[in-house]
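The values are calculated or read from the model by the stated rules, or taken from the named source; none is laboratory data. None of the values given here were measured: they were computed from a predicted structure. Here the Cβ positions follow ideal geometry from the backbone for every residue, glycine too, while neighbour counts run over all protein chains shown. Calculation scope for accessible area: heavy atoms of the full protein, side chains included, ligands and nucleic acids excluded. Shrake-Rupley method; radii C 1.70, N 1.55, O 1.52, S 1.80 Å.
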Amino acid sequence: MTGMAAIMFCGVFTSCSHDTDYSDVQVQNQQQMIQDAYEQAFISRFGKPSSTLDWGFGSRATATTRSLNSTWTNYPKATTRAGESSFSISEDYTARFGKSYFETIEANMPEGQVTTGFNDFEFVSTGSFEFSVIFAKTIAANEIGYYYYNPETESLSDKHVVTFMNNLQDQYTDGTYFKVVKDNNGVEEEYVPNFDESGFNIWNLPNIKEVKAKVFTINVPAGYHVGFWLKNHTSDWPVFYSNVAMNPEKHFYSAVVDLADGTYLVGLEDWYKPWGGDDDCNDVIMSIKKGTNPPPIIIPTEEYEEIRVMAEDLSVGQDTDFDFNDIVYDVRRYLKDVGDYHQEQVVVIVRAAGGTLPLYILDENHEVHDLFKVDTDVMVNTNAQARGMKGADAPAYVFTLENPSRYGSTIGDIAKNIPVWVIKDGVRCDLTVPSPTEGIASKIGVGTDYVWCNERQDIDDKYSLKDGDRKISLFTDWISGEFPNYDWYHYTLSCIEAYKAAKNQ
């Protein structure tokens, strides 16, 4: 319930006749009729906007932190199209680890002591890289895997998740991942360690020569962020990630240590902290081979701002659904100078196109259907197929905004002032963000966690609450000034009650 105070903001109104021949009175009249029809339909459905409404483009724009480890500055930028990951495991036990390596593990991740490595981390893929599971000192039936996402186009909630171990107890004890090599009177003998022998205890046994392991190869597109996760299936505990932001209580359950011998140690914890977890992150340990092009370690907390814009293409009428999905795009502004990576850069991520009119963003080279490589009458990423209409699913389209300062000095101004227009009845009409006293916005700012409506799904149906027999329409109440906070779509009944109580004090 933070940041509840209403924000006063006055948008810049751009005429519907922008970039047209102003001497053509007939064209201007036609454009004005389109704008008037949209505004009348909007007011009929939602009422007149509050004079304090900033349409979501005020100083509240989503601020997310994601800081990079500044010692790594030259790793590649991610591709702008969604990529797929794959992994494979070697048939043979080609990786070898001797006693000195396990002494290094014990020195960096001692039993019962808090680890001293990076506890909040991801890797930046440079292509494929290899790792081996070499250590497991736990009785838990852990499921283990990795996740990846494109930081250019995807947030953590968009991550792709891959499982490479379904049940640790089943799979390491049958030799799926590693074995112990014992020197038995000059004859090498291989066997799978049991729980009491595993981990550091291996080297307390007589005549142990080495641990040998199979090798996983992960293929993730260069520039993608990659992390590891673990789920303890002997409990109801949540999933633990190497990115602390995704963990309960924002607590760490993993660690990575950069070793001088050309490997990384990655340790995973399977003991939930509120239930007595010891933070030693050594229940499962992997060794990652750096190779000739090592995947850099980053601390996934770089500062940036981002905002999502949803828009109507002025085609709605009084009796039609306002779904605000004719174009949906994110604007992300990087604020930190970290060498060659995202220096004061603004990218636009076009995510959906739910209209069937020609619609442009930025310039004539960015017609949204063309960006998604579909015909104009195909709706993209709005689940139109479920309504019997032409629809398609497509990866987000990303482009860099050149000279972003020309659009404004804040993320809200930049997102609001990027030109977006529709060709309706043969004329161009800009989608605008006026002040509430001047007109009705056809572009609205929200957070990037906002889930846009499916095709022909009314926004007040998607975002509504039931209070007994009464329906609370969150969007309508936000328009009227009932909820001054920008994240109206997050409101719950208890949140509304708390806000009203605070307002009446």
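Just a few scattered comments:
- Within region 465-488, being in contact with a strand residue (DSSP E or B) (Cβ under 8 Å, 6 or more places away or on another chain) and either modelled with pLDDT under 90 or more than 23 Å from Gly56 (Cβ to Cβ) (or both) holds for Lys466, Tyr486, Asp487.
- Hey, Tyr397 in contact (Cβ under 8 Å) with a residue 24 or more places away in the chain, open to solvent by 50 Å² or more (accessible area, probe 1.4 Å) and among the aromatic types (Phe, Trp, Tyr) or not: yes
- Entirely in region 359-469, the helices (runs of 4 or more DSSP H) that have 2 or more residues that are at positive phi: none
- Qualifying residue in region 34-57 (condition: outside any loop (DSSP other than H, G, I, E, B), open to solvent by 80 Å² or more (accessible area, probe 1.4 Å), of a type outside the set (Asp, Glu) and modelled with pLDDT under 90): no
- Residue count, region 214-244 (criterion: open to solvent by 10 Å² or more (accessible area, probe 1.4 Å), assigned to a strand (DSSP E or B) and under 23 Å from Asn167 (Cβ atoms)): 4
- Region 432-481, subset under 23 Å from the mean Cα position of the chain (by Cα) and of a type in the set (Gly, Ala, Ser), residue nearest to Ile414 (Cα to Cα): Gly445
- Thr126 vs. criteria under 19 Å from Ile299 (Cβ atoms), in a loop (DSSP other than H, G, I, E, B), at pLDDT below 90 and open to solvent by less than 20 Å² (accessible area, probe 1.4 Å): no
- A residue that is closer than 12 Å to Val226 by Cα, at pLDDT 85 or above, open to solvent by less than 50 Å² (accessible area, probe 1.4 Å) and not in a loop (DSSP other than H, G, I, E, B) occurs nowhere in region 97-115.
- Taking region 135-170 as the range and being surrounded by 22 or more Cβ atoms within 10 Å (Cβ to Cβ) and over 22 Å from the mean Cα position of the chain (by Cα) as the test, the residues that pass are Phe135, Ala136, Thr138, Asn142, Leu168.
- When Asn232, Asn243, Asn219 are checked against the criterion of being closer than 23 Å to Ser90 by Cα and among the polar types (S, T, N, Q), a single residue qualifies: Asn219.
- The listed residue being open to solvent by 20 Å² or more (accessible area, probe 1.4 Å) and touching a Ser or Thr at 6+ places or on another chain (Cβ under 9 Å), out of Pro358, Pro404: Pro358
- Taken together, Val446, Val451, Val433, Val420 contain a single residue that is open to solvent by 60 Å² or more (accessible area, probe 1.4 Å) and among the β-branched types (Val, Ile, Thr), which is Val451.
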